[in-house]
1. Relative contact order for the chain: what percent, with Cα pairs under 8 Å and sequence separation of 6 or more?
2. Please sort by residue number the GluC sites (Glu not before Pro) in the range 83-144 whose DSSP state is loop and whose Cβ has at most 15 other Cβ atoms within 10 Å.
3. Could you derive backbone 3J(HN,Hα) for the range 90-104 from the dihedral phi with the Karplus parameters 6.51, -1.76 and 1.60 (θ = phi - 60°), listing whole Hz in sequence and x where the residue is Gly or Pro?
4. Size of the chain along its principal axes in angstrom, Cα-based, largest extent first?
5. Roughly speaking, to the nearest percent, how much of the chain's 1.4 Å accessible area is carbon and sulfur?
6. HN-Hα J couplings of the range 143-150 from phi, Karplus 6.51/-1.76/1.60, θ = phi - 60°, integer Hz, Gly and Pro as x?
7. Applying the Karplus parametrisation 6.51 cos²θ - 1.76 cosθ + 1.60 with θ = phi - 60° to the phi angles of the range 28-34, what ³J(HN,Hα) value in whole Hz is obtained for each residue in order, glycine and proline being reported as x?
8. Quick check on the chain: helices-only [θ] at 222 nm, where DSSP H runs of length 4 and up contribute -39,500 (n - 2.57) each and the sum goes over total residues. Nearest 500, please.
Amino acid sequence: MQGKDEFMRQAIELAVENVTSGRGGPFGAVIVKDGKVIATGANQVTAAHDPTAHAEVTAIRNACKALGTFSLEGCELYTSCEPCPMCLAATYWARCERIYYGCVAADAAKAGFDDAFLYDEMKKPLGERALPIENLMPAEAWAAFAAWIDATQKTPY
Ligand SMILES: [Zn+2]
């Protein structure tokens, strides 16, 4: 069985290789279950034209595909850098049980990847955020929840 340091080393290597190969940003992630790597991911934002293709999200997608499930219960995420708010939320949604990270957010900021503004934005009331957000047609939008509540064929998650 590999140890924590080896899994983290693999995440770091993925991050470094992603840069040296010209494939993308300096981030790598590994997902481990029962002491084994079940999936890896590296940042693919520019290569895949996908702003959500951070290393952690990519690893989560690959792990779910590998396991054939939407839940990563019993899994641990190793990431070369402290997750951004999107990846942190994705890790919660995926139900991973633990996160190990290498660099801290301040290190990412030094390299030009500053996500502190996102944490700041989330603390502000909706009307004070940089991204305008407006509530429209809430009564009509409820139709989707009404359909879900009444549905007899659904997969709760
Ligand atoms: Zn992220």
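The values are calculated or read from the model by the stated rules, or taken from the named source; none is laboratory data. Computed from a predicted model, the values in this text were never measured in an experiment. A quick note on method: Cβ atoms are made from the backbone with ideal geometry, for glycine too, and the neighbour counts reach across all protein chains shown. For accessibility, only protein heavy atoms count, side chains too; no ligands or nucleic acids. Shrake-Rupley method; radii C 1.70, N 1.55, O 1.52, S 1.80 Å.
1. Details: 250 pairs, mean separation 24.9, N = 157.
Averaging sequence separation for qualifying contacts and normalising by length gives 16 percent for the chain.
2. E97, E134
3. Whole-Hz 3J(HN,Hα) from phi for the range 90-104: 4, 5, 5, 4, 6, 6, 4, 9, 6, 10, 10, 10, x, 5, 9.
4. 51, 39, 26
5. Values: 6060 of 10330 Å².
Using a 1.4 Å probe with all protein chains present, the chain comes out at 59 percent carbon and sulfur.
6. Calculated HN-Hα couplings, in order: 3, 5, 6, 4, 5, 5, 4, 7 Hz.
7. For the range 28-34, the Karplus curve yields x, 8, 9, 10, 10, 9, 6 Hz.
8. Taken over the chain, the calculation gives -13000 deg cm²/dmol.
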